[in-house]
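Okay, structure first, notes after.
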Amino acid sequence: MVNRLNKTALTSDEIFATGMRNQWHAVCPSDFVARGDMKKVRRLGEDWLLFRQSDGSLRMLADRCPHRGAPLSQGQHLGDRVACKYHGVQVDVGGTVVSVPGMPGCNLEGKRLVTSLPVREVAGAVLAWFGTDPDAEPGPLDLPERLVDDGISRFLCYAEWKAPWRFTLENLLDPMHGAFLHRESHSMFGGETSAKFRIRETDRGFFFEKTDQRGVNFDWVEFCRTGVDWVDLEIPYPPTAGPGGSFGIVGMGTPIDAETTAVFFWRYRRVEGWERDVWRFLYRTKLEERHWAVLEQDRVMLEAMAADADQAENLYQHDLGVIRLRRLYRSQAAAQAEALAGA
């Protein structure tokens, strides 16, 4: 993203470290920002201000006053605008300076000087378009069907991990770790500890799946690019876990910065009527704690890995999904850096 203040463009390595531009990313759970409130977040290595108006609508602004660069997040919520605490400069939800109390009528007023990102709220989460051109329209967003299907009941699990974003996504493109890291969990104790894998292309990404086992453990994952990058996977459940059969996970990982990731896991089952009520009751009273225990195993492992762990590896057939993902993002980061350099 070109910085409006110093006009420097990001390099390919910087984009690879802090996340792809010109696409949608999950930002945070919707309930992080109440009506009439605002909250500072850091995403893709930059500071942003989430600003919810009294009617419930949400906006996302760069957290920099256009006057002296002070954080707008320390200012005052004025309904349809924020007043910077440093000198009182007022910026509306579209990023336009509407008032400079210290010098009314000065040339800052009426100018759109603060980047405002397009946002959407979906399945309890805020998604934003991180474009390289702040004046361009956002790209299309085809939402994961698991997040919009009324016949599916879901819960959002959100956490922040001190690990690079690519590690968190690569973890999801690595089904074999379920048979080892999660062997003692409530849902991934079965199946073989050896397997063969294949990549199967789709019109929105690809499947990475075991060829010799299905419906026993973490046996497949689909990586999708539909304006936002996400994965879908399935874990078998015993009958004691209630109706609905296997449960699925839609996962996203958004860089906070080069070393930290916001992770989103929607856990879902296809259930309706009384089965839906039973599933939601069991989840809240019994299953949720077990799910968090599995996530904690992932977090501890990923946070313990060196930042350059992917620079001294010896990969084999099980890592084809990881290799494919890296090549994709490396290529995209290079293309975006080249476009920014020529802008």
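The values are calculated or read from the model by the stated rules, or taken from the named source; none is laboratory data. Nothing here was measured: the structure is a model prediction, and the numbers come from that model. Heads up, the Cβs are rebuilt from the backbone with ideal geometry, glycines too, and the neighbour counts pull from every protein chain shown. Protein only, heavy atoms only, side chains kept; ligands, DNA and RNA dropped before computing areas. Shrake-Rupley method; radii C 1.70, N 1.55, O 1.52, S 1.80 Å.
Over all alpha-carbon pairs in the chain, figure out the percentage whose distance exceeds 38 Å. Result: 22 percent of Cα pairs exceed 38 Å. Shown in residue order for the stretch 76-91 are the 3J(HN,Hα) couplings computed by the Karplus curve 6.51 cos²θ - 1.76 cosθ + 1.60 at θ = phi - 60°: 10, 6, 10, x, 10, 7, 10, 9, 5, 6, 6, 9, x, 4, 9, 10 Hz (x for Gly and Pro).
For the stretch 280-343 versus the stretch 161-227, the spacing of their alpha-carbon centroids is 11 Å. Ligands, DNA and RNA excluded, the heavy atoms of LEU113 present near 60 Å² of accessible surface to a 1.4 Å solvent probe. Taking amide H as placed 1.01 Å from N in the peptide plane, GLN23 has its amide H under 5 Å from the amide H of PHE130, each at least 5 places away in sequence or on another chain. One decimal place: the segment LYS162-ALA309 gains 51.5 nm when fully extended, by the rule 0.36 nm per residue minus the C-alpha distance. Applied to the stretch 208-219, the Karplus parametrisation 6.51 cos²θ - 1.76 cosθ + 1.60 on θ = phi - 60° returns per-residue 3J(HN,Hα) values of 10, 9, 6, 8, 10, 7, 8, x, 10, 9, 6, 9 Hz, with x for Gly and Pro. Taking amide H as placed 1.01 Å from N in the peptide plane, the amide H of VAL271 sits under 5 Å from that of SER153, each at least 5 places away or on another chain.
Hand me the GluC sites (Glu not before Pro) from the stretch 153-192 located in a DSSP loop with no more than 15 other Cβ atoms within 10 Å, in residue order please.
Within the stretch 153-192, the qualifying GluC sites (Glu not before Pro) (loop, at most 15 other Cβ atoms within 10 Å) are GLU184, GLU192.
Considering helices alone, the calculated mean residue ellipticity of the chain at 222 nm is -6000 deg cm²/dmol, with DSSP H runs of length four and up weighted by -39500 (n - 2.57) and normalised per residue.
Ignoring the sites themselves, the chain has its longest run without chymotrypsin sites (Phe, Trp or Tyr not before Pro) in a DSSP loop having at most 10 other Cβ atoms within 10 Å at 1-179. Sites listed here are GluC sites (Glu not before Pro) in the stretch 218-326 whose DSSP assignment is loop and whose Cβ has at most 13 other Cβ atoms within 10 Å: GLU313.
Only lysine pairs 8 or more places apart or on separate chains count here, and in the chain those with Cα atoms under 22 Å apart total 7.
Phi angles across the stretch 246-254 convert, under the Karplus curve 6.51 cos²θ - 1.76 cosθ + 1.60 with θ = phi - 60°, into 3J(HN,Hα) values of 4, 10, x, 9, 9, x, 9, x, 10 Hz, Gly and Pro given as x. Sorting ASP257, ASP232, ASP142 by accessible area puts them as ASP142, ASP257, ASP232; the probe is 1.4 Å, largest comes first, and only protein heavy atoms count. With respect to the chain, whose longest principal axis is taken over its alpha-carbon atoms, helix 273-282 is tilted by about 90°.
Roughly how tilted is helix 288-304, in degrees to the nearest 10 and between 0 and 90, from the longest Cα axis of the chain? Tilt of helix 288-304: around 70 degrees.
Show the residues, 5+ positions off or on another chain, whose built amide H is closer than 5 Å to the amide H of VAL122. Under 5 Å from the amide H of VAL122 lie the amide H atoms of LEU127, each far enough along the sequence or on another chain.
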